[in-house]
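The values are calculated or read from the model by the stated rules, or taken from the named source; none is laboratory data. All values reported here derive from a predicted model rather than from experimental measurement. We place every Cβ from the backbone using ideal geometry, glycine too, and count neighbours over all the protein chains shown.
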């Protein structure tokens, strides 16, 4: 039965005013405001039915928790509504183009979600006897095999939990390898255009970081790099394709020079999506490279993780790879841990996380690789590069593209803020795009370009979506060039207008306290 | 290819706009020698959903999943029932397929959820503040040690013998390269002992000590009072780091923060996140407010927008790698956002009432199981105080026993022989975890099978 029980067809009665009046609730129709869980409960309720615990004499050694904890509970209808309402205040790849450069926000296939939730993968314990988890070890072994094949490398460590953890894995292997030959070195060279994780990782394992300059066309300055190499340089960390969206043409020459000086080459594989199936990093002299399964291999980003960062190694570094890892002995898979490593993996630098890596990401990534197959993966790289170049060439007349003259880009297009009206910035363009219904591009990164805007459309966007995005960005860019004051007020249509990050940092409120919150909101 | 929307006509039109005659022209900067001539070796062409699902299902079926067996494994990962709504909520595309909330105006959902998560974690662990998550408990533990180094400007960490051996192993890996010094010991399988190495820890604290790291409940399941240890550490200017690998315990046991810990880290998997063969999990990280600027990881905070409306943003980013680069407090970037959401949603459903009931159920089940198993001939219960996990000393090595039980379809516990292969004194230890998912019938099945195995 329809809502319109009287059979009348309604029509708009008054179209005179388009601006909506304030509402009693603060809601705007489908956009619903949602209080914190701490503001909507008396802390006594629960959304979980459990049996009455049997009465037993406590064996907690007199350490019973006897003070209130302060955890509100919501019955299921309210909990579901709470998180559903919150979810609707998020932009997501499921809603539209998410062109964050170097983040590779591509479609997340739902088959992968289904597979990861099969009880045989989701409901097995990391310390279960290995004979009861042969299928899980087979997944790790099979995925490891494809990662080695795709990169042309000798070995792979599956343990790292995310990209930065993979960087750590790579640098620890480099340290271990050089120390093993009695050649401890202290410096890691990193280009200015590198992700912040590169220098942070090098520092995390006690290296001193020095910058390598870039050429005018946005690539590593090979001569400057060669001039700096020496007995104190442990290695370099190069992102290829780099964060200007360009392939490092001299990669092999860089590797050869670093090797000649006794160093090793780490490659940040964040941008592997541009070359998967077309180029094997192993052919470029790279010794270690992490692969973000949550980028190239489509596992979901989940609002900031979990990630997964397996690291492939050259033959020179393979003996130093971390524990544990999966090996095949006859028709049986075994887990090589501390106990058994001594036999044939005695140089391993050790363990870098509690268990065996991000199994839930391995099942998804393997499903993705098998779904695409050899032809599909190559097409992934080609379409990703095609889409990025299409964006670059469609906008270079309205946005400054500092490296466009030197040739095509790879998977991402880089623009600068040159040419915007005085007082107008990259931030204004980003916020204007929000009102147009798009997530903004990466802003102010890489640091080598003023007011950088880095756009990575990925291969999972069709031409119509790209055309709409290009039209929207063109419109916003023209407003920024013309100095349209309304752009300064963007976003006007999002759940919130521009938020005061300075105020948040000046007086941090990081947990709920009634008084503090009231004060911050004032 | 179902994940690729471009048609050949689209590709041609786009190449024309770009001014290139073929896609190969776009790869002009890649030296010819580095380009793969043919297809990827050995990889079949693209495959249908049906065929990929069949392949993966075949592999999944080769595993004995916890739900299909009497199940008693713990030691850092625990099987709890997760309400159906939790998995439904984290699969909403707006959560699942969003990125780190760098554009807060269109990421308030993630940011508010993280702020609620931080508050829940801080209260649960008994600390002032918590961050938006780490990779897992083991990596959070090492990050806490490096944070204590920054706070105290000292480089010696004393690790309790009861700290999870994988966490110790990770710390050893890192310390070898960072120059931190670690004081390490093995646990002992002595029944009736106080259950922890408090005396050793207190004796070892000196003027060079940055921190003491103690796990509660510890790897053998012992629950201990940390107050004295905290006081002694503070007297010498050192921090107390407490590690919690079973956060459900905090529905029953006093929190480490209440007992004086300065930094509390944990493995949050127990709440909202499945076993997943070891990952992804969610690291918990909380500390006293005065140390917040030395904390690793992301933080969500409160602010207001241009209209004065309350909103949430990522804050104190000047600690982080994307701003500070080599001077950052950590290299962590991607954390465990979706698992943190699962933790938070499960905790919101439980509430304090549900968490306390859940903890009581776990404890009661474990007490009953410990008493039943300790009656078996030659079997001794090692623990005095414990929560939902305890250690048995068998009359024989436990590893073959665990394997024999697995052959009978029973996942009967974790053998200390597997966790400490280098320590013969621990070889007879069997750690048994009992949660609300283990029935009394399961316990009886285990007891009878274990008795039969020990008699064989």
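Considering region A:29-60 alone, what residues qualify as being part of a helix (DSSP H, G or I) and more than 9 Å from chain B (Cβ to nearest Cβ)? Lay out the reasoning, then the answer.
Looking only at region A:29-60, we keep the residues that are part of a helix (DSSP H, G or I), and these are A:37-39.
Within region A:29-60, just A:39 meets the criteria.
How do the helices (runs of 4 or more DSSP H) wholly within region A:412-504 filter down when requiring 1 or more residues that are over 25 Å from the mean Cα position of the chain (by Cα): which remain?
Here the list reads A:463-482, A:485-488.
If you scan region B:121-146, which residues turn out to be in a helix (DSSP H, G or I), at the interface with another protein chain (Cβ under 7 Å from one of its Cβ atoms) and in contact (Cβ under 8 Å) with a residue 24 or more places away in the chain?
B:122, B:124, B:137, B:138, B:139, listed by residue number.
If I filter region A:199-211 for residues that are at negative phi, surrounded by fewer than 23 Cβ atoms within 10 Å (Cβ to Cβ), touching a residue at least 40 places away in the same chain (Cβ under 8 Å) and under 25 Å from the mean Cα position of the chain (by Cα), do I get at least one hit?
The answer is no; no qualifying residue exists.
For residue A:138, which of the numbered conditions (1) within 9 Å of chain B (Cβ to nearest Cβ); (2) in a helix (DSSP H, G or I); (3) farther than 30 Å from residue B:410 by Cβ; (4) touching a residue at least 60 places away in the same chain (Cβ under 8 Å) fails to hold?
(3)
Which residues, counting only those in region A:268-285, are in contact with a strand residue (DSSP E or B) (Cβ under 7 Å, 6 or more places away or on another chain), buried (at least 24 other Cβ atoms within 10 Å of the Cβ) and within 11 Å of chain B (Cβ to nearest Cβ)?
Within region A:268-285, A:270, A:279, A:281 qualify.
Identify the single condition in (1) touching a helix residue (DSSP H, G or I) at 6+ places or on another chain (Cβ under 6 Å); (2) in a loop (DSSP other than H, G, I, E, B) that residue A:301 does not satisfy, given that it satisfies every other one.
For residue A:301, the failing item is (1).
For region B:373-390, enumerate the residues that are out of contact with any helix residue (DSSP H, G or I) (no Cβ under 8 Å at 6 or more places or on another chain) and within 9 Å of chain A (Cβ to nearest Cβ).
Hits for region B:373-390 are B:384, B:385.
Which ones in region B:164-180 are closer than 14 Å to residue B:210 by Cα and part of a loop (DSSP other than H, G, I, E, B)?
Those that are closer than 14 Å to residue B:210 by Cα and part of a loop (DSSP other than H, G, I, E, B): B:179, B:180.
Kindly list the number of the only condition in (1) surrounded by fewer than 24 Cβ atoms within 10 Å (Cβ to Cβ); (2) within 7 Å of chain A (Cβ to nearest Cβ); (3) at positive phi that fails for residue B:351.
Answer for residue B:351: the failing condition is (1).
So residue A:116 clears everything in (1) touching a helix residue (DSSP H, G or I) at 6+ places or on another chain (Cβ under 6 Å); (2) facing chain B (nearest Cβ under 7 Å); (3) buried (at least 18 other Cβ atoms within 10 Å of the Cβ) except one condition, right? Which one?
(2)
With the structure loaded, tell me whether residue B:435 is under 30 Å from residue B:132 (Cβ atoms), outside any strand (DSSP E or B) and touching a helix residue (DSSP H, G or I) at 6+ places or on another chain (Cβ under 6 Å) or whether it fails that test.
Details: under 30 Å from residue B:132 (Cβ atoms): yes; outside any strand (DSSP E or B): yes; touching a helix residue (DSSP H, G or I) at 6+ places or on another chain (Cβ under 6 Å): yes.
So residue B:435 fits the description; yes.
Residues A:462, A:471, A:423: which one is facing chain B (nearest Cβ under 7 Å), out of contact with any strand residue (DSSP E or B) (no Cβ under 9 Å at 6 or more places or on another chain) and surrounded by fewer than 21 Cβ atoms within 10 Å (Cβ to Cβ)? Show your work before the answer.
Details: A:471 fails: facing chain B (nearest Cβ under 7 Å); A:423 fails: facing chain B (nearest Cβ under 7 Å).
Answer to the check: A:462.
Output the number of residues of region A:86-111 satisfying the condition of being part of a helix (DSSP H, G or I) and within 8 Å of another protein chain (Cβ to nearest Cβ).
Qualifying residue count, region A:86-111: 3.
I'd like to check which helices (runs of 4 or more DSSP H) are fully inside region B:1-90 and have at least 2 residues that are more than 7 Å from every other protein chain (Cβ to nearest Cβ) and loosely packed, with under 14 Cβ neighbours inside 10 Å.
Where helices (runs of 4 or more DSSP H) fall fully within region B:1-90 and carry at least 2 residues being more than 7 Å from every other protein chain (Cβ to nearest Cβ) and loosely packed, with under 14 Cβ neighbours inside 10 Å, they are B:8-18, B:49-60, B:84-90.
Take the residues of region B:310-321 that are more than 25 Å from the chain's Cα centre (by Cα) and either part of a helix (DSSP H, G or I) or within 7 Å of chain A (Cβ to nearest Cβ) (or both): which is surrounded by the fewest Cβ atoms within 10 Å (Cβ to Cβ)? Break it down stepwise before answering.
Going residue by residue through region B:310-321, those that are more than 25 Å from the chain's Cα centre (by Cα) are B:310-313, B:318.
Keeping just the survivors that are either part of a helix (DSSP H, G or I) or within 7 Å of chain A (Cβ to nearest Cβ) (or both) gives B:310-311, B:313, B:318.
Values: B:310: 20, B:311: 25, B:313: 28, B:318: 12.
The extreme case among them is B:318.
Of everything in region A:202-228, what is in a loop (DSSP other than H, G, I, E, B), more than 14 Å from every other protein chain (Cβ to nearest Cβ) and in contact with a strand residue (DSSP E or B) (Cβ under 9 Å, 6 or more places away or on another chain)? Give them in sequence order.
A:213, A:221, listed by residue number.
What pairs come out if I take residues in region B:288-302 that are on the phi > 0 side of the Ramachandran plot and pair them with residues that are at pLDDT 95 or above whose C-beta lies under 8 Å away, six or more apart or interchain?
Matching pairs, first to second residue: B:297/B:131; B:297/B:132; B:297/B:133; B:297/B:134; B:297/B:143; B:297/B:285.
Anything in region A:497-514 that is touching a strand residue (DSSP E or B) at 6+ places or on another chain (Cβ under 8 Å) and without any contact (Cβ under 8 Å) to a residue 60 or more places away in the chain? List them, or say none.
Within region A:497-514, the subset touching a strand residue (DSSP E or B) at 6+ places or on another chain (Cβ under 8 Å) is A:497-501, A:503-505, A:508-511.
Matches in region A:497-514: A:497, A:499, A:500, A:501, A:503, A:504, A:505, A:508, A:509, A:510, A:511.
Within region B:377-399, can one find any residue that is within 26 Å of the chain's Cα centre (by Cα), assigned to a helix (DSSP H, G or I) and surrounded by fewer than 24 Cβ atoms within 10 Å (Cβ to Cβ)?
yes
Yes or no: region A:157-177 includes at least one residue that is in a loop (DSSP other than H, G, I, E, B), modelled with pLDDT of 95 or more and away from chain B (no Cβ under 11 Å).
No, there is no match, as no residue in region A:157-177 is in a loop (DSSP other than H, G, I, E, B), modelled with pLDDT of 95 or more and away from chain B (no Cβ under 11 Å).
Which condition breaks for residue B:307 when tested against (1) more than 30 Å from residue A:291 (Cβ to Cβ); (2) within 7 Å of chain A (Cβ to nearest Cβ); (3) touching a helix residue (DSSP H, G or I) at 6+ places or on another chain (Cβ under 6 Å)?
(3)
Of (1) modelled with pLDDT of 95 or more; (2) within 29 Å of residue B:15 (Cβ to Cβ), residue A:407 satisfies all except one. Which?
Just one mismatch for residue A:407, condition (1).
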